[in-house]
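What follows is a short report on a single structure.
Just so it is clear, none of the values below were taken in a lab; they were calculated from the coordinates. Computed from a predicted structure; not experimentally measured. Because the Cβ atoms are built from the backbone with ideal geometry, glycine has one as well, and the counts that use them run over all protein chains shown.
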């Protein structure tokens, strides 16, 4: 009887040791980015579990990142791209192939709010796009803003060029630096046109860290 108890105790110890030895989230995708700047509260939804997102934490493919009122957040991705979120923004990291991956592909889905993306030309085969309810924004190397207000999507180019495709009728518009476009969920897009300085300043301020 004593031997049986000893064997059971040993088995329990082994199972516990194995459980702690297994890396947490071993089945999770590898990290594709990290929070490098933050002010205010942010949340992370991963595999159906929601919790606070803090400075220095990693993000993965499939994550949803959300900022609270007055918050700002900047994520640096493994391939050199960066994404800055303004307050009350929600973004899904739908797809993200890591640096050095063949046919690099990144798809970010802006559910609501304003974001600023900076994409560097370090890989010629980059396929980087931001999706909203009203439009798909495709880029190579550029610095641009995307805002989903619920009933329309606004896109503005700081540097480089982007292609904006309206979901309503599949028309594509090329934007140069200083130009923006407003794409409603239903109806004709307004633009491309050069944005006034006041609108540009207000939009840039929305994602700037304090």
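Descending by average beta-carbon neighbour count within 10 Å, the peptides 181-191, 130-140, 150-160 line up as 130-140, 150-160, 181-191, the highest first. In the range 27-207, the inverse of the mean reciprocal separation of distinct Cα atoms equals 16.3 Å; this is its Kirkwood hydrodynamic radius. For the range 23-82, the square roots a ≥ b ≥ c of the C-alpha gyration tensor eigenvalues yield an a/c of 1.5 or more together with a/b not exceeding b/c, which makes the shape oblate.
Sorted ascending by nearby beta carbons within 10 Å, beginning with the fewest, 175, 44 become 44, 175.
Sequence-distant contacts, meaning Cα pairs under 8 Å at least 6 residues apart, place the relative contact order of the range 27-207 at 14 percent. Taking 0.36 nm per residue of separation and subtracting the Cα-Cα distance, full extension of the segment from residue 186 to residue 170 would add 4.6 nm. Measuring between their Cα centroids, the range 141-188 and the range 42-77 lie 25 Å from each other.
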